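The values are calculated or read from the model by the stated rules, or taken from the named source; none is laboratory data. Note that this is a predicted model, so its numbers are computed, not measured. Every residue, glycine among them, receives a Cβ derived from its backbone with ideal geometry; neighbour counts consider all protein chains shown.
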Amino acid sequence: MNSKTKNNFTNFFQTMVLFGIVLIISQLLLTYVLGNEIVNGPSMEPTLYEGQKLLSVKNFKVKRNDIVVLKAPDKIDTLYIKRVIGLPGDKVASKNDILYINDKPIKQPYLTKEIKQKKLEQFNNTYGQSQSLYTNDFTLKSLFDVDRVPKGEYLVMGDNRPISHDGRSFGFVKRNSLSGKVLLRYWPLNKFRGF
């Protein structure tokens, strides 16, 4: 084997080893550190739309308004993407489209008046109803006969409140059900955004 052939073989071998290492590291990252998610359904509109691709982190401290990926408590092998509304110990209620946490009104900048009106009109046109509230009135007492979010559990809701199947119907979710926190939307590229 001449030296040129030997160098070509060595370069090829080094490239393949490097490619293998990169592949293994990326698989480890996607298995233990990061998640690659695709939005399925309209429950997080207008924040997230069907088919958008998201990057999530698996180890995180849960905070109010985090967009999270969770194991569906009511469907096997299904993931939901929702927003954390109630933390353990919180008293949560909605009255006249105002969200209250521990009896204080909470701002929801992701739900402007214009967005709520547009989504409510779409809902009413689609379902032939005349619903006037974007988020139907509720208290934890009226939904689950408890005063506060239980210890170690969270209340999650979709941003598209009139149609979202969320914690108001399937209940609280445990911390170990929250598999990731959405960091960014990377697809489509013109909608790239961090959260």
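For this structure, a couple of remarks:
- Test: residue in segment 106-113 that is assigned to a helix (DSSP H, G or I) and either in the same structural domain as Ser56 (by TED's automatic domain parsing) or surrounded by 14 or more Cβ atoms within 10 Å (Cβ to Cβ) (or both): yes
- Taking segment 105-159 as the range and being among the aromatic types (Phe, Trp, Tyr), under 22 Å from the mean Cα position of the chain (by Cα) and farther than 18 Å from Leu87 by Cβ as the test, the residues that pass are Phe123, Tyr134.
- If the condition is being surrounded by fewer than 17 Cβ atoms within 10 Å (Cβ to Cβ) and in contact with a Leu (Cβ under 8 Å, 6 or more places away or on another chain), then segment 91-105 contributes Asn96, Pro105.
- Lone unmet requirement of (1) polar (S, T, N, Q); (2) modelled with pLDDT under 95; (3) closer than 22 Å to Pro46 by Cα; (4) under 16 Å from the mean Cα position of the chain (by Cα) for Asn65: (2)
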